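Here the structure is laid out as structure tokens; the discussion comes afterwards.
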Amino acid sequence: MTALPHFLQPIFTEAFSVWGAAVTRLELVAVVLALAMVVCNIRVNPWGWPLAIVSSLLYFGLFWKNLLYGDAGLQVFFALIAAWGWWQWLHGTQGDGGALRVRTLGKKGRCRALIAMAIAWPATGIFLASATDTDVAWWDAFPTAASVIGQWLLGRKYVETWFTWVVVNVVSVALFAYKGLWLTTVLYSIFIAMSVLGWRAWQRLVANGPAPGRVQPCGEL
């Protein structure tokens, strides 16, 4: 399942190595775009979504080549939901008809998210174990399932998205290190810190009650 079209081979050539493991041109570009995306998300800047689309498509190729089929499939989902999230941040509304604001999920919403995770993780793990040749089916399934929930929370501007990403990134760091994807391991380690920053920044926005259409420059933290 790892074969790639011939025209894609050049992007998988080595750019440099980290601790003896090759870092491809594709991984390098994907890392830069992903970092810019998260900065924009923290600043509630909608330009993070098109960056997410491109970065996700690049990571699809990287993860597929490394037998991380759950994460590869997740990148396709990310690219699709990024288009939805982009529209939500520009034109989406809340239950009261007002423009989307950064807000909290509430007790019932958190319970529903946990129930969804309790169903999605084993379902994804069973699928990966039975339908692919991955050697980390259940390990790969956890961040895959949690990321789906986290991405929906992000698209609807719920603060809890950042806690979800902290958990996803911690598990992903261990998974990518095991696979020898060292630059991506470093990236996801940075994502842990950035998710904490995002959590704090969005909590401040909730406390301060920002204007509905407020967009903050993605070049600042």
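Readers should treat all values here as calculations from the given coordinates under stated rules, not as data from a laboratory. Because the structure is predicted, anything quoted here is derived from the model rather than measured. Neighbour counts are summed over all protein chains in view; Cβ atoms, including those assigned to glycine, are modelled from backbone coordinates with ideal geometry.
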Computed over the range 23-141, Cα set: Rg, Dmax in Å: 16.6, 48
Let me know the shape class of the range 90-152, please: from the alpha-carbon gyration tensor, a ≥ b ≥ c as square roots of the eigenvalues, rounded when a/c is under 1.5, otherwise prolate if a/b is greater than b/c, or oblate. prolate
For a bin width of 5 Å, list the pair-distance distribution of the range 145-196 built from all Cα-Cα distances, rounded to whole %. 5, 23, 28, 22, 14, 6, 2
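I need the shape label for the range 101-221. Rule: rounded when a/c is under 1.5, else prolate if a/b > b/c, else oblate, with a, b, c from the alpha carbon gyration tensor. Numbers along the way, then the final one.
Details: a/c = 3.03, a/b = 1.52, b/c = 1.98.
Because a/c hits 1.5 or more and a/b fails to exceed b/c, the range 101-221 counts as oblate.
Ranking request for peptides 108-118, 154-164, 130-140: highest mean number of other beta-carbon atoms within 10 Å first, then the rest in descending order. Show your work: numbers first, answer last.
Working: 108-118: 13.2, 154-164: 21.3, 130-140: 16.0.
Descending mean neighbour count gives 154-164, 130-140, 108-118.
First select every other residue whose beta carbon is under 14 angstrom from the beta carbon of D135; then total the charges, Lys and Arg +1, Asp and Glu -1. Mind dumping the intermediate values first?
Values: positive: K179; negative: D71, D133, D140.
Here the count lands on -2.
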